[in-house]
Amino acid sequence: MSLSRRLARPLLSATFIADGFDALRNPDSHVDRVERITPLLTTAGVPPSLTRDPINLIRLSGGVTAVAGLMLATGRKPRLAAAVLAAVHLPVVLANNPVWAAKDGEERADMRRGLVQGVSLLGGLLIAALDRDGKPSLGWRASNRRQQQHKVRAARKGN
């Protein structure tokens with residue numbers, strides 16, 4: 001693993017680890033934000049058993065976030081961990097920054113800043129989820145193998 005990955009992964013995951021543990025320890029402080037997006041979660045297909053009790057949903061989300069953040073920070077299945085964090089992070093960003101519900105310009109500006117920061121983190125997670133650590137993609141490897149096999153067959157026919 002390169003030095004940049006060794007440094008970047010823990011830096012990227014630090015906020016998710018802290019937020020995940022906070023949600024596990026203090027779920028009550030997150031309830032109002034979850035209740036704001038419960039209709040969106042229901043529309044997205046989240047089972048009613050999870051949305052009925054926001055405390056359990058917050059703890060579940062916090063646990064998943066903390067574990068995935070630790071996995072990303074330590075380099076254990078980092079692509080999977082980053083993908084899980086991205087999937088969990090998107091509804092959290094929307095819950096924390098409901099720009100559409102802002103009452104005045106200042107509140108809207110604050111929420112917009114939070115939304116931009118959240119989307120920026122999402123971008124970093126997507127880069128981490130797609131990072132192959134310098135290895136070529138499976139598609140490239142398959143194409144390259146076919147090309148090599150074609151060259152070998154052509155060389156054998158030529159002899």
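Structure values in brief
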read-out	value
Single condition residue 84 does not satisfy, out of (1) at pLDDT below 85; (2) β-branched (Val, Ile, Thr); (3) assigned to a helix (DSSP H, G or I)	(1)
Test: residue in segment 133-155 that is part of a helix (DSSP H, G or I), in contact with a helix residue (DSSP H, G or I) (Cβ under 7 Å, 6 or more places away or on another chain) and not aromatic (Phe, Trp, Tyr)	no
Residue count for segment 128-159, restricted to those that are without any contact (Cβ under 8 Å) to a residue 40 or more places away in the chain and surrounded by 12 or more Cβ atoms within 10 Å (Cβ to Cβ)	1
Residue 137 vs. criteria within 30 Å of residue 2 (Cα to Cα), of a type in the set (S, T, N, Q), at pLDDT below 90 and more than 12 Å from the chain's Cα centre (by Cα)	yes
Residue 67 vs. criteria within 13 Å of the chain's Cα centre (by Cα), surrounded by 11 or more Cβ atoms within 10 Å (Cβ to Cβ) and either among the small types (Gly, Ala, Ser) or closer than 26 Å to residue 33 by Cα (or both)	yes
Residues of segment 1-27 satisfying the condition of being surrounded by 10 or more Cβ atoms within 10 Å (Cβ to Cβ), more than 20 Å from the chain's Cα centre (by Cα) and free of Cβ contacts under 8 Å to residues at least 60 places away in the same chain	25, 26, 27
Residue in segment 70-86 that is surrounded by 13 or more Cβ atoms within 10 Å (Cβ to Cβ), at negative phi, touching a Phe, Trp or Tyr at 6+ places or on another chain (Cβ under 6 Å) and small (Gly, Ala, Ser) present	no
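The values are calculated or read from the model by the stated rules, or taken from the named source; none is laboratory data. Keep in mind that what you see is a predicted model, and the values were worked out from it rather than measured. Ideal geometry is used to build each Cβ from the backbone, glycine not excepted, and the neighbour counts take in all protein chains shown.
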